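Undergrad: Have a look at this one.
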Amino acid sequence: MNLPVIRPGDALIWGQACAEPQTLVEAVIAQRASFSGCRTFLGSSYSGLLQPEHADHLRFSSYCGTGANRALADAGVLDILPVPYSQLGALIRSRRLPCDVVMLQVSPPNVRGEYSLGLGVEYLAPALEVARAIIVEVNDQVPWTHTQPLLRREHFALIVESSRTPVELPQGAPSALESRIAQHATPWVPDDATVECGVGALPNAILGALAGRRMDYHSGVICESVRLLQPARCIGGALMGTRALFDWARENPAVRLTSSEVTHGAATLARIERFVAINSAVEVDLTGQVNGEVARGSYVGAVGGALDFIRAANQSPGGLSIIALPASRVVEHLSGPVSIPRSEAGIFVTEHGAADLRGCTLAERERRLRRIGGKS
């Protein structure tokens, strides 16, 4: 399969995680010498297709070091863009984050000839507006979901058909530690809340513990545990889970996938009451500063969307921010950057309990965090 649409030096953007167009990425890797100097902006990747040696002809950048991106970062071939997720759309539109070619994994069309982006929209929506060309992998194993936008055949410069299992992100049963943390977190979530969930085992465990409660969902990621909530309204940027999640979302009118400018946009979030942001972190210090990016010298996380959602939750009537993490990650001093400032500190939860830092002085914050960190 040739990719004549791509030129040497082009800037490429493609779908992340479960939305990664694997056949197209494999073709880029195989033909990379033909378009040397191409710049590729990556989201989180779990396929393992890209390897450090592919940087011989390709230049990699990303907003995150999650999944297989960590190996690229550790090898020194991944440039990190440390910005809140809400800014990606504006950076793409202004071409500060350039995009010449978008590569998508899409579902087969419905009876109206509309192709769905299937498993992810996010920053692909603004990229579609500025790109010179769109290449699609029509994968018959991708569900047709309600995405904004929907596309038609005339939008595509090149179409490749495939039938392969999308990347899946299985979520195992919560560990005993995760279950204890979840038990301390769920009482803080009010009924009729709109919940946001970050990436990771702990936020998923908390969502699972909320099953049976009445609430809506608004987040960047629609993760595996969301289907257990059965929300009446579910807005997200991407589906990240297993076939069970994909099948639940297939043609489900309650599920809408849309641009990161909507999911993370301040104007949208400001209209949500009782907005509860549930996230995790690499570590938190005794003043409430959060490192969500670097662990043991490796770039493993991101600025990402946590800051967008936490700020919105702190401003939402009846809303709040919960950051869940093991007690061992409550530290005297951060070993990495401040991803979330202490001015946005809300509720921190470990296996030892919860610390509500809202309205607390620095001295009181330290006392409360030492208690849940097992340091008192």
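The values are calculated or read from the model by the stated rules, or taken from the named source; none is laboratory data. Values in this document were obtained by computation on a predicted structure and should not be read as measured data. We place every Cβ from the backbone using ideal geometry, glycine too, and count neighbours over all the protein chains shown. Remember, those area values only see protein heavy atoms, side chains included, never the ligands or the DNA or RNA. Shrake-Rupley method; radii C 1.70, N 1.55, O 1.52, S 1.80 Å.
Undergrad: In segment 73-180, which strands (runs of 3 or more DSSP E) lie fully inside it and hold 1 or more residues that are within 30 Å of THR350 (Cα to Cα)?
TA: Details: elements: 78-80, 101-106, 133-139, 158-162.
Hits in segment 73-180: 78-80.
Undergrad: Would you mind stating whether SER86 is open to solvent by 10 Å² or more (accessible area, probe 1.4 Å), modelled with pLDDT under 95 and polar (S, T, N, Q)?
TA: So SER86 does not fit the description; no.
Undergrad: Filter segment 260-278 down to the residues that are open to solvent by 10 Å² or more (accessible area, probe 1.4 Å) and in contact with a strand residue (DSSP E or B) (Cβ under 7 Å, 6 or more places away or on another chain), then identify the one that is nearest to LEU117 (Cα to Cα).
TA: Top of the filtered list is ILE272.
Undergrad: Can you tell me how many residues in segment 196-254 are farther than 20 Å from PRO143 by Cα, part of a helix (DSSP H, G or I), open to solvent by 20 Å² or more (accessible area, probe 1.4 Å) and among the hydrophobic types (A, V, I, L, M, F, W, C)?
TA: 2
Undergrad: Can you say whether ALA176 is of a type in the set (Gly, Ala, Ser), modelled with pLDDT of 95 or more, open to solvent by 10 Å² or more (accessible area, probe 1.4 Å) and within 14 Å of TRP14 (Cα to Cα), as far as the supplied structure shows?
TA: Criteria not met by ALA176.
Undergrad: Could you list, in sequence order, the residues of segment 308-332 that are in contact with a Leu (Cβ under 9 Å, 6 or more places away or on another chain) and in a strand (DSSP E or B)?
TA: Scanning segment 308-332 gives ALA324, VAL330, VAL331.
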